[in-house]
Amino acid sequence: QVQLVESGGGLVQAGGSLRLSCAASGTIFSINAMGWYRQPPGKQRELVAIITSGGTTNYTDSVKGRFTISRDNAENTVYLQMNSLKPEDTAVYYCNAQRVRVPLRRYLDAWGQGTLVTVSS
């Protein structure tokens, strides 16, 4: 089993910053990509940012220049630094790990439970 535990959400004023963390636990040999998704109230879940094990990153257009994704491969942890936050960034943020290599030559995808980010105007 692989578990992802997120932390760092909360309430912040527009223009402020937050840093989200997500740690993967379990017997993990490697993780291909880790990313952050978000689901605003009443809307569908969308990709925010993703980072491969080699450090290649991709961001949705609305957060480019404001958010930075990073990861610590040794600790199986991914971070999302969010600056210049806007009310439209309000959402539940979910951590995702893709193609997690676990024992018996199996690969899993895993999701965190979500952490709420609220940006007030």
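Tabulated data
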| quantity | calculated |
| --- | --- |
| Residues of region 72-86 classified as touching a Gly at 6+ places or on another chain (Cβ under 8 Å), open to solvent by 10 Å² or more (accessible area, probe 1.4 Å) and under 19 Å from ALA23 (Cα atoms), total | 0 |
| Scan of region 103-121 for residues that are more than 19 Å from the chain's Cα centre (by Cα) and either closer than 17 Å to THR77 by Cβ or hydroxyl-bearing (Ser, Thr, Tyr) (or both), ordered by number | TYR107, SER120, SER121 |
| Residue within region 87-100 that is at pLDDT below 95 and either open to solvent by 40 Å² or more (accessible area, probe 1.4 Å) or within 21 Å of PRO41 (Cα to Cα) (or both) present | yes |
| Failed condition for GLY16, given (1) under 15 Å from the mean Cα position of the chain (by Cα); (2) open to solvent by less than 70 Å² (accessible area, probe 1.4 Å); (3) within 15 Å of VAL119 (Cβ to Cβ) | (1) |
| Filtered residues of region 107-121 (kept if open to solvent by 50 Å² or more (accessible area, probe 1.4 Å) and not in a strand (DSSP E or B)) | GLN113, SER121 |
| In region 1-58, the residues that are among the charged types (D, E, K, R) and farther than 14 Å from CYS95 by Cα | LYS43 |
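The values are calculated or read from the model by the stated rules, or taken from the named source; none is laboratory data. Model, not experiment: these values are computed from the prediction. When we count neighbours, we look across all protein chains shown, and the Cβ atoms used for this are built from the backbone with ideal geometry, even at glycine. We work out accessible area using only protein heavy atoms, side chains counted, and drop any ligands, DNA or RNA first. Shrake-Rupley method; radii C 1.70, N 1.55, O 1.52, S 1.80 Å.
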